Amino acid sequence: MTHALLVIDVQNDFCPGGALAVPGGDEIVAPINAMMDEFDAVILTQDWHPAGHSSFAGSHDDKNPFDMTEMRYGPQVLWPDHCVQGTEGANFHPDLNTHADLVLRKGFRSGIDSYSAFFENDQKTPTGLEGYLKSRGITKLTLVGLATDFCVYYSAIDAARLGFDVTVRMDACRAIDMDGSLAAAETAMREAGVILA
Ligand code: VGL
Ligand code: ZN
């Protein structure tokens, strides 16, 4: 059994002071660093949008951050501009241990968002992570990071659907929690067979 730690989007823009700050986002950095040694592999994901990305409220007339819109692939929350490629906000939190096996960037196509580390928001364009993990013989995944109810949630559900044995360490995650999204994500993860630890 090969067990990997998948660290989702521990970036400045998701931490206090950032463009899309998740409450307590920085509190998980030390616990994540402390658990890295327990795993056979460590993979970091990085939300990595071009300026003017279609998930940004600023890219749409008459839309505000946290409004909903309809994309070709379905409903999409419009976010404050965040994690723009090459900016300080897109960098990992300065205290995060980045001595990882793989850094996977996602959300780099202008017209489509990517919450999940496995598939973009059309739920069919692969990021390549499944092939990477399977070709390394990784069967078990522990997920941590930001945000519990968006990128961690979508990644966990996809991982379970792809046949990985999935645990989310809730103590090393923090949520945006808009309109009950955290409770809904917890229910859906449990139903998908994800272990919430
Ligand atoms: C995320 C909203 C927009 C996340 C990324 O990492 O959970 N949320 N982009
Ligand atoms: Zn994003």
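The values are calculated or read from the model by the stated rules, or taken from the named source; none is laboratory data. Just so we're clear, the structure is a prediction, and the values are computed from it rather than from any experiment. Backbone-built Cβ (ideal geometry, glycine too); neighbour counts: all protein chains shown. To get the accessible areas, we keep the full protein, side chains included, count just its heavy atoms, and leave off ligands, DNA and RNA. Shrake-Rupley method; radii C 1.70, N 1.55, O 1.52, S 1.80 Å.
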**Request:** Give me the accessible area per residue for the chain, probe 1.4 Å, as a whole number in Å².
**Result:** 43 Å²
**Item:** Choice from Gln11, Gln46, Gln76 showing the highest fluctuation, given a GNM over the chain with Cα pairs closer than 10 Å
**Value:** Gln76
**Carbon + sulfur, % of accessible area of the chain - ligands and nucleic acids excluded, 1.4 Å** = 49 percent
**Message:** Suppose every Lys and Arg Cβ carries +1 and every Asp and Glu Cβ carries -1, with no other charges. What dipole size does the chain come out with about its Cα centre, to the nearest 20 debye?
**Reply:** 640 debye
**Prompt:** Which Cα, out of Leu78, Gly131, His53, lies furthest along the positive dipole direction of the chain (beta carbon charges, K/R +1, D/E -1)?
**Reply:** Gly131
**Asked** Pick from Met68, Met36, Met178: which residue has the top mean-square fluctuation in a GNM of the chain where Cα pairs under 10 Å get a spring?
**Response** Met178
**Request:** Please list, or write none, the lysines whose alpha carbon is within less than 18 Å of the alpha carbon of Lys106, excluding same-chain residues fewer than 8 places away.
**Result:** Lys124
**Gain on full stretching of the segment that runs from Arg136 to Asp122 - 0.36 nm per residue minus C-alpha separation** = 2.4 nm
